[in-house]
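Heads up: the structure comes next, in structure tokens.
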Amino acid sequence: MLITNELYKLRYLLFFEILLLGLFAGAGLIPFLALIILISLTILVLLAFNFPFIAIHILVFSILIDSFIPIKDSNGPTLLVVELFFIIVLGVSALKFLFNLDRKSEVSLLILIWIPFLVWSLFTGLAVAVDEIKMVAYWKNYFAGFFVLSLTYYAIKNKIHLKSVIFSIIIWGVLLALLEIKVLIGLGGFSTGIVGLFLKKNLLTLGWGRSNYLAAFFVVIIPFTIGYLLYSNSKKLKLVMTAAVVLMSFAIILTLSRGGILALFIALIILFSRVLKPKTFIPILTILILVTIVLLINPLTYVLIDRIASVETSASYFSRIDLYRDVWKTFLGHPIAGVGIGNLGYYAVFIVPEGASPSAHNIILGALGEVGIVGATFYFSLLGYLLYSIYKNFKRENDEALKIFKWCFISAFIGGLLHTLVEPTLDGMQFSIIFWTLAGSYNKLDMLRNSD
């Protein structure tokens, strides 16, 4: 294996580092930890430089690492672990690019369409924003989407790379579900946590995301996981994927996110409309039965049904309507350039609570208000071309198993974009990384064709 060979070449250096660790451990905990961090970062940089596809895994799993290191408590800000790893991977990728300037490579049109949006939103935002620092802080989340799309597109070179990214996203979704359960247990025990969710309706939170934001990940990962379940020929792998879908379905109910559940429901309807065939009937029926059992035994399901039924009388509904009005008025006052990404809160009559996202909670209104009609045109051209290109790719596919898998991808993207109509998901760095990693992976699915 390439990594094993590389480690063998560095055996003397590794022995020297282990010796240093022993010496620093004797000197005290802080020097020891500092050296551990330095060595770990050095290894990550070397791996990311020599094996770029590993950088994808580093970024994806740094999101979960971030949730374990709050500054104050589980509801507070984190130590920006994702941002730290993003800067490292970005720097390594820039060096890799400079080292390979003499090599010609094809540039995806999807990547090129990002550029006018990023340029427009950055420079107009700096010109019109009330808070330029906040504007740049939120702009970087969009840039992260562009970067991981480019990284995934160029770093995945073969079937092994692609499958490793696919498994990483599925494992990531399972770990997020387990983290939610960990949060419940931390609230005084699993049963006590369930009761707390039952009474407070929207209690679940990690350091970087609350219930509605957490639900967005399951909206895209569950259909994608079902797709790989249907694609795979391994019975053991099908059982593992089935268990993953059931666990993530349980986790999305814990979020009590009405928008997330409805977006997932629509995504699954779209998914089953094309993949429900004699060959896939038994696996799909098994998943539906297991998920139905999970829903029926989970008391929060009935809370969620009640919340959906009473949506038009809820405070959340009226607060969004008030915010939508403010954002629309803001757009009418600044129709060309907007007011800058992340700056809508400064123009809202409706008071945005401290610590809450200043987003419009609607991707269309948000884009119009933040980057104006010009920037919104760039952004919606990007998303429109994404949907057009993945559907065109699906229609060209002749491999039946791969065609089903691609359709599950499409349903995941549609569900994720539908959720953006009520939640600020693509505004966030974490969801942006996962969503655009999946988009980059979709472009490489031809590597899985059975004829190859």
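The values are calculated or read from the model by the stated rules, or taken from the named source; none is laboratory data. Nothing here was measured: the structure is a model prediction, and the numbers come from that model. Positions of Cβ are generated from backbone atoms using ideal geometry, with glycine treated the same way; all protein chains shown enter the neighbour counts.
A few points about this structure:
- So Ala251, is it modelled with pLDDT under 90 and either in contact with an Asp or Glu (Cβ under 6 Å, 6 or more places away or on another chain) or closer than 15 Å to Leu175 by Cβ (or both): yes
- Tally of residues being modelled with pLDDT of 65 or more and either more than 29 Å from His161 (Cβ to Cβ) or not in a helix (DSSP H, G or I) (or both) across region 35-60: 1
- Close contacts from region 52-63, counting a first residue that is more than 12 Å from Ser441 (Cβ to Cβ) and a second that is among the polar types (S, T, N, Q) and surrounded by 20 or more Cβ atoms within 10 Å (Cβ to Cβ), with Cβ to Cβ under 8 Å and a gap of 6+ residues or different chains, come to Leu59/Thr437; Ile63/Gln430.
So that you can scan it fast, the table gives a plain yes or no per residue for (1) buried (at least 24 other Cβ atoms within 10 Å of the Cβ); (2) modelled with pLDDT of 95 or more; (3) under 17 Å from Ala267 (Cα atoms):
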site: Leu386; (1), (2), (3): no, no, yes
site: Tyr391; (1), (2), (3): no, no, yes
site: Phe394; (1), (2), (3): no, no, yes
site: Ala401; (1), (2), (3): no, no, no
site: Ile410; (1), (2), (3): no, no, yes
site: His419; (1), (2), (3): yes, no, yes
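- Any hit, region 162-177, residues being touching a strand residue (DSSP E or B) at 6+ places or on another chain (Cβ under 9 Å) and within 18 Å of Val220 (Cβ to Cβ): yes
- Region 99-146 - residue that is among the polar types (S, T, N, Q) and modelled with pLDDT of 90 or more and, of those, surrounded by the most Cβ atoms within 10 Å (Cβ to Cβ): Ser121
- For Leu79, the test of being modelled with pLDDT of 90 or more and exposed (fewer than 15 other Cβ atoms within 10 Å of the Cβ) is failed.
- The set of residues from region 397-419 being under 16 Å from the mean Cα position of the chain (by Cα) and in contact (Cβ under 8 Å) with a residue 60 or more places away in the chain comprises Phe409, Ile410, Ser411, Ala412, Phe413, Ile414, Gly415, Gly416, Leu418, His419.
- In region 194-239, residue surrounded by the most Cβ atoms within 10 Å (Cβ to Cβ) [restricted to those that are modelled with pLDDT under 75 and small (Gly, Ala, Ser)]: Gly207
- Residue in region 436-447 that is β-branched (Val, Ile, Thr) and either without any contact (Cβ under 8 Å) to a residue 12 or more places away in the chain or farther than 21 Å from Gly259 by Cα (or both) present: yes
- Residue satisfying all of: in region 421-452; within 18 Å of Phe167 (Cα to Cα) and charged (D, E, K, R); surrounded by the fewest Cβ atoms within 10 Å (Cβ to Cβ) among these: Arg449
- Qualifying residue in region 82-93 (condition: modelled with pLDDT under 90 and polar (S, T, N, Q)): yes
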